[in-house]
Amino acid sequence: MQLVARVEKVDPPTVAAVCAAAALAAVGVLSDPRATDLDGPWHGAVSAWTSGPIRKLTRRARGATWTRAQEPDGVTIERDGAEVRAFVPCRMDQVPGELAKLQIQSSPLDSPTEMTSDGLAPRQGLTIAVAPDIDMSWGKQAAQCAHAAQIAWRDAGAASVEAWFSARAPLRVVHPDAALWHELLNHASVRIHDGGFTEVPAGTLTVIAWWAV
């Protein structure tokens, strides 16, 4: 699955916002009737992808390239000033031309402030926490958060998902310090271990997630 984040030169988004928007955009594609309905135009491509490795790749765009990136089939989500579009999955040799030329290497964004135990207040919905002390670009973090949201959405019951969507899909991405990370491991219902294709060794625990009501 290709993900494209809008990163303008003026007033770029925060890393946490990009990660949250990427997570919601990925779920947006997977939960779209065009993907879930058996006769939907996206159903075959989405089903084929979800039955195998769920690789995601984050690219960036700005200006006219962002506008052109809205043309291929997908879902765009805005969250906290960040915009990310997730696209119907395809093979790498079939990536639409509007996306294939977009830069994969992430441009620098903010350095998220590490959260401590005192700073993490309970919040309804889905929380995704990014592992500390692992060197990941913001594009890699966005892809990993999208993985976590996909698994959390997939494994949640239909009633829980419906209630989540009815509440406008509350979701946050946090960057805990090492002490808080070890505390949060006890809450995690989703743990994402990377496949090792880019940036980190295979098996690295990159993000965790959990639901709260």
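The values are calculated or read from the model by the stated rules, or taken from the named source; none is laboratory data. Please read these numbers as outputs of a predicted model, since none were measured by experiment. Using ideal geometry, Cβ is built from the backbone for each residue, glycine included, and neighbour counts are taken over all protein chains shown.
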Long-range neighbours under 7 Å by Cβ, at least six apart or interchain, first residue under 19 Å from ALA35 (Cα atoms) and assigned by TED's automatic domain parsing to the domain that holds GLU8 within region 78-96, second among the β-branched types (Val, Ile, Thr) and part of a loop (DSSP other than H, G, I, E, B): none
Does region 165-205 hold any residues that are of a type in the set (A, V, I, L, M, F, W, C), within 24 Å of ARG59 (Cα to Cα) and without any contact (Cβ under 8 Å) to a residue 60 or more places away in the chain, and which are they? ILE192, ALA202
Within region 77-107, take every residue that is within 13 Å of THR65 (Cα to Cα) and among the basic types (Lys, Arg) and give me the one that is surrounded by the most Cβ atoms within 10 Å (Cβ to Cβ). ARG85
Condition set outside any helix (DSSP H, G or I) and of a type in the set (S, T, N, Q), scope region 2-42, selection surrounded by the most Cβ atoms within 10 Å (Cβ to Cβ): answer is GLN2
The correct count of residues that are within 18 Å of the chain's Cα centre (by Cα) and within 25 Å of MET115 (Cβ to Cβ) in region 156-180 is 11
Look through region 2-41, keep the residues that are under 25 Å from THR113 (Cβ atoms) and of a type in the set (Asp, Glu), and return whichever of them is nearest to the chain's Cα centre (by Cα). GLU8
Considering only region 98-122, state which residues are over 17 Å from the mean Cα position of the chain (by Cα) and aliphatic (A, V, I, L, M). LEU99, ALA100, LEU102, MET115, LEU120, ALA121
Can ALA169 be described as in contact with a Leu (Cβ under 7 Å, 6 or more places away or on another chain), assigned to a loop (DSSP other than H, G, I, E, B) and assigned by TED's automatic domain parsing to the domain that holds PRO122? yes
Can you tell me which residue is surrounded by the most Cβ atoms within 10 Å (Cβ to Cβ) among those in region 115-162 that are basic (Lys, Arg) and under 19 Å from TRP211 (Cα atoms)? ARG154
